[in-house]
Amino acid sequence: MMQAVDMMKTARSEHCRARPALRCSFRLLLGLGACYSGCQPVLAWNGEGHMIVAQIAYNHLDPNVKARCDALIAVPLQYAGSSSSNFVTAACWADDYKSQLGSGIWHYIDLPFSLDGTSTNGAGPAASNVVWAINQGIYTLGSGTSAQTNLATWLRYLLHFVGDIEQPLHCSTAVTASHPGGDYGGNDFYINGAWDNLHSLWDAGGGFLTDSLYRPLNSASQATLSNKVASIEADYPYTPNPGRIPNPMDWALEGYALAQTNAYAGITQNTSPSADYLSKAQATTEQRMAAGGHRLADLLNTLFQTNGVVLTCLASNGTCGFAWDAIPGRVYQVQWKEQLTDSAWNALTNIPASSNWVSFSEAPLQAQRFYRVTQ
């Protein structure tokens with residue numbers, strides 16, 4: 001069994017979010033491999049959407065990073081197949097096998113807000129959520145010390161979760177008097193028309209995503225995907241911004257805000273969405289998928305970077321000090337020499353990074369000393 005599967009499992013899966021009254025019976029049925037018919041389907045961006053995010057990211061990976069990712073995608077896993085055998089199609093893997101992996105709860109974070117003034121005290125996110133999962137992926141891939149199978153697993157998770165967190169209804173749950181615990185990201189917000197509920201409308205990008213690209217991709221479906229990616233990138237050009245590890249909660253809060261201003265605004269339950277509403281949903285979807293692809297590229301270019309760290313001198317207070325951007329989970333070694341012409345560097349200390357910023361200082365021990373930091 002893969003290491004990733006040994007983490008927290010839960011009865012509340014992302015594919016079937018049980019209403020509170022059904023949770024006990026749902027737990028029993030899930031153990032039997034079945035699901036109560038009252039559960040609501042949740043798929044995040046559909047397969048087409050996740051592949052668009054991944055293709056945008058892949059377009060902007062550094063060549064050595066692209067090679068590293070391709071090698072990890074090729075690592076055999078217990079759950080995998082031809083439908084997710086490359087970087088782009090592997091972005092769907094976390095949805096394909098979430099029942100087997102027990103990872104459904106990792107795909108979203110229920111940040112509550114009220115639609116009618118009802119208190120949100122009865123709602124809130126689980127501890128294991130998409131923000132937690134992205135951080136787990138960052139830590140695992142950043143450390144570089146895990147087994148290849150675990151690295152390959154968490155790369156596939158990141159490809160998916162960085163897409164999930166850009167869907168506004170994967171970052172929110174609306175509280176009302178009739179749903180004091182939240183509406184499960186719009187799954188209990190029923191509407192008329194082509195979609196049963198608000199969540200499924202946004203999973204389809206208001207009609208921008210058709211999910212007609214069956215995997216593995218053939219030449220026609222690849223052309224369709226490439227055309228949509230090109231259109232999005234024309235509207236939202238990529239500006240590289242690697243080097244820092246982001247806080248995925250910031251991404252979730254963006255989606256949380258958009259859920260209130262875009263997803264739940266201009267529509268009421270048991271009505272059909274207007275043409276203006278669908279147009280807004282489609283435009284928002286394009287922007288969020290562009291953001292997801294660009295952020296995923298920056299993140300992987302940072303995690304798999306081969307460039308040396310850049311040291312920043314710290315203000316002296318009788319000590320010699322410096323700091324650098326770091327990757328949580330990675331170990332950095334501070335080394336020193338008396339003269340640059342000395343044949344070897346001396347190991348001074350190892351510093352495990354627990355955040356995005358690491359510093360070191362010591363009192364001067366001799367007239368001259370040169371330092372460097374290795375990863």
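Things worth noting here:
- Calculated translational diffusion coefficient of the stretch 34-154 (4 °C, 1.567 mPa s; Stokes-Einstein with Kirkwood radius over alpha-carbon pairs) equals 78 µm²/s.
- Heavy-atom accessible area, probed at 1.4 angstrom with all protein chains present, ranks THR341, THR149 as THR341, THR149, highest first.
- Folded to 0 to 90 degrees: helix 130-143 orientation relative to the chain principal axis, Cα: 30
- Signed unit charges on C-beta, dipole axis of the chain, positive-most listed residue LEU299, THR173, ASN270: LEU299
- Magnitude of the charge dipole for the chain, about its Cα centre and with charges confined to Cβ atoms of Lys, Arg (+1) and Asp, Glu (-1), is about 720 debye.
- Total formal charge among the other residues, if their Cβ is under 14 angstrom from that of ASN227, Lys/Arg +1 and Asp/Glu -1: -3
- For the pair the stretch 282-354 / the stretch 142-178, the C-alpha centres are spaced 23 Å from each other.
- Checking the cross-link pairs LYS228/LYS280; LYS66/LYS98; LYS66/LYS337 against a 28 Å limit on the alpha carbon distance flags LYS66/LYS337 as lying beyond it.
- In a fully extended conformation the segment linking ALA367 and SER114 would gain 84.7 nm over its present Cα-Cα distance, using 0.36 nm per residue.
- Nearest-10 value in Å² for the accessible area of CYS320, using the 1.4 Å probe: 50
- Projected label points at THR145 and CYS313, each 7 Å from Cα along the beta carbon direction, are separated by 3.3 nanometres.
- Considering only the chain, percent of DSSP beta bridges that pair antiparallel, nearest 5: 90
- Counting charges near THR120 (Lys, Arg +1; Asp, Glu -1) among other residues having Cβ under 14 Å from its Cβ returns a value of -3.
- When all protein chains stay in place and ligands, DNA and RNA are ignored, the 1.4 Å accessible-area order of TYR139, TYR256, TYR332, largest first, is TYR139, TYR256, TYR332.
- Between ASP196 and GLN260, the FRET efficiency estimated from the beta carbon spacing at R0 = 25 angstrom works out to 0.70.
- On Cα atoms only, tilt of 63-73 relative to the major axis of the chain in degrees: 60
- Rounded tilt (10° steps) of 47-59 against the dominant C-alpha axis of the chain: 20
- Scattering profile of the chain at q = 0.11, 0.14 Å⁻¹ [log10 I(q)/I(0), Debye over alpha-carbon scatterers]: -0.80, -1.17
- From the Kirkwood radius over Cα pairs of the stretch 213-302, Stokes-Einstein at 25 °C and 0.890 mPa s returns a whole-number translational diffusion coefficient of 159 µm²/s.
The values are calculated or read from the model by the stated rules, or taken from the named source; none is laboratory data. Please read all numbers here as calculations on a predicted model, not as lab measurements. Cβ: placed from backbone, ideal geometry, glycine included. Neighbour counts: every protein chain shown. Side chains are part of the model used for accessible areas, which takes the heavy atoms of the whole protein and leaves out ligands, DNA and RNA. Shrake-Rupley method; radii C 1.70, N 1.55, O 1.52, S 1.80 Å.
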